[in-house]
Amino acid sequence: MTYANAESRDTVRIATVNFQPIWGDKKANLNKMSKFIKEAADNGAELVLFPEMCLTGYAMEQNDSMLRGDRMQVKLAEPFNGESAKTIAKIAKKNGIYVVYGYPEKIGNDPLNVYNSAVAIDPNGKILGSYRKVHPFGSEVIWAKTGTEPFLFDTPWGKIGISICYDTYNYPELSRYYAAKGAKIILNPTATSWGYYSASDLKDGQPLNDGKPINGNNKAWVNRFKNRIEAVTTQSGVFVITSDLVGAERKADGTFMGTAFPGGSCVVGPTDDKKGTMEYISYYGTNPETAVNEEIVYSELNLDNAKRNSFVNYIKTDLQEGQLYQPALYEKWFKDLEKDYKVLY
């Protein structure tokens with residue numbers, strides 16, 4: 001189903017999930033995701049977002065000599081319309097809800113052609129397609145290839161873009177592209193823990209409090225995280241929906257895989273700009289500092305607030321013709337940069 005030519009709806013109820021996967025166990029994670037999807041739909045949500053790599057877990061084996069083909073993410077990778085997506089598609093259709101989740105994606109017959117991806121499924125159970133992370137971060141590059149294409153899908157609320165983790169935080173080009181294309185919502189499935197050190201504070205080899213935030217040990221992470229997502233909202237005037245992993249990543253037998261996440265799933269977006277407004281942005285019923293358990297957080301969004309003011313000037317003159325955003329000019333700059341980039345870096 002496409003809504004590209006339909007009049008967009010102004011309001012949407014979003015469910016974003018703090019999710020603690022069982023490392024390397026797709027069946028267990030699918031069962032948990034199914035329960036969260038039903039819970040979200042039962043609570044009136046129209047779209048539910050899960051984190052980056054929630055289907056399998058994010059952590060990578062700490063073995064530098066391991067072959068890429070032996071990595072968990074590569075061995076468990078599947079096509080965007082594979083068995084896991086088909087399972088979730090049935091649940092999405094049964095509950096009448098959009099679902100987006102992160103997973104390792106295999107393309108074609110080459111078992112090493114694997115990406116860090118997120119798949120989108122509509123309320124009719126149609127698997128709409130997959131976004132492949134363009135900026136794999138850190139150790140991800142040991143198993144994940146680099147994506148090259150943006151991904152937008154049509155909804156009753158207009159186009160929605162997907163940008164995974166580091167794509168969102170450190171590379172404004174993708175978010176700006178989505179906003180310039182008309183998207184008022186950017187989905188950010190993430191596995192962010194930069195500034196969160198729970199995985200290094202161990203007792204008997206295990207992180208305290210199951211790796212979930214305790215005694216304010218997520219404060220540095222919260223400050224850094226909020227700065228990064230608020231920048232997207234402030235620059236492009238759009239809503240950013242973030243779903244993060246939470247707690248320690250373990251195998252089914254309890255083996256700790258060395259990584260823990262702070263949760264903090266949230267929605268940040270622009271407020272109205274009427275006289276008396278005290279803040280330009282709001283967290284819309286969410287708080288990344290206190291969302292520290294495996295749970296769903298809900299937001300009611302008024303998309304009229306996503307005015308995307310940085311693209312077209314409300315004053316139009318012969319001098320500017322109303323066009324604040326100038327992709328033809330940026331294309332010229334980046335073509336010049338491309339010549340020097342590999343030499344400079």
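Quick notes on this structure:
- Selected residue (criterion: surrounded by the most Cβ atoms within 10 Å (Cβ to Cβ)) from residues of region 287-321 that are in contact with a Phe, Trp or Tyr (Cβ under 8 Å, 6 or more places away or on another chain) and in a loop (DSSP other than H, G, I, E, B): 288
- Count of residues meeting criterion [without any contact (Cβ under 8 Å) to a residue 12 or more places away in the chain and among the basic types (Lys, Arg)] in region 275-331: 2
- Considering only residues in region 229-249 that are touching a helix residue (DSSP H, G or I) at 6+ places or on another chain (Cβ under 9 Å) and open to solvent by 30 Å² or more (accessible area, probe 1.4 Å), the one that is modelled with the highest pLDDT turns out to be 231.
- Residue pairs whose Cβ atoms lie under 9 Å apart, separated by 6 or more positions or on different chains, with the first residue in region 203-232 and under 20 Å from residue 165 (Cα atoms) and the second open to solvent by 80 Å² or more (accessible area, probe 1.4 Å) and of a type in the set (D, E, K, R), are 213/219; 213/289; 218/289; 219/289; 222/289; 226/289.
- Residues in region 124-136 that are closer than 21 Å to residue 94 by Cα, in a loop (DSSP other than H, G, I, E, B) and open to solvent by 30 Å² or more (accessible area, probe 1.4 Å): 124, 126.
- Within region 137-152, no residue satisfies the criterion of being touching a His at 6+ places or on another chain (Cβ under 9 Å) and not in a loop (DSSP other than H, G, I, E, B).
- Of the residues in region 106-114, not one is under 27 Å from residue 260 (Cβ atoms) and exposed (fewer than 15 other Cβ atoms within 10 Å of the Cβ).
- Apart from one condition, residue 29 fits all of (1) touching a residue at least 24 places away in the same chain (Cβ under 8 Å); (2) over 27 Å from residue 157 (Cβ atoms); (3) in contact with a helix residue (DSSP H, G or I) (Cβ under 8 Å, 6 or more places away or on another chain); the exception is (3).
- Any chance residue 63 is in a loop (DSSP other than H, G, I, E, B), under 21 Å from the mean Cα position of the chain (by Cα) and free of Cβ contacts under 8 Å to residues at least 60 places away in the same chain: no
- Filtering 193, 163, 139, 175 for residues that are surrounded by fewer than 20 Cβ atoms within 10 Å (Cβ to Cβ) and either of a type in the set (S, T, N, Q) or within 24 Å of residue 247 (Cα to Cα) (or both) leaves a single hit, 139.
The values are calculated or read from the model by the stated rules, or taken from the named source; none is laboratory data. Fair warning: this is a prediction, and the values are worked out from it, not measured in the lab. With ideal geometry, Cβ positions are generated from the backbone for all residues, glycine too; neighbour counts draw on all protein chains shown. In case anyone asks, the SASA skips ligands and DNA or RNA and just uses the protein heavy atoms, side chains included. Shrake-Rupley method; radii C 1.70, N 1.55, O 1.52, S 1.80 Å.
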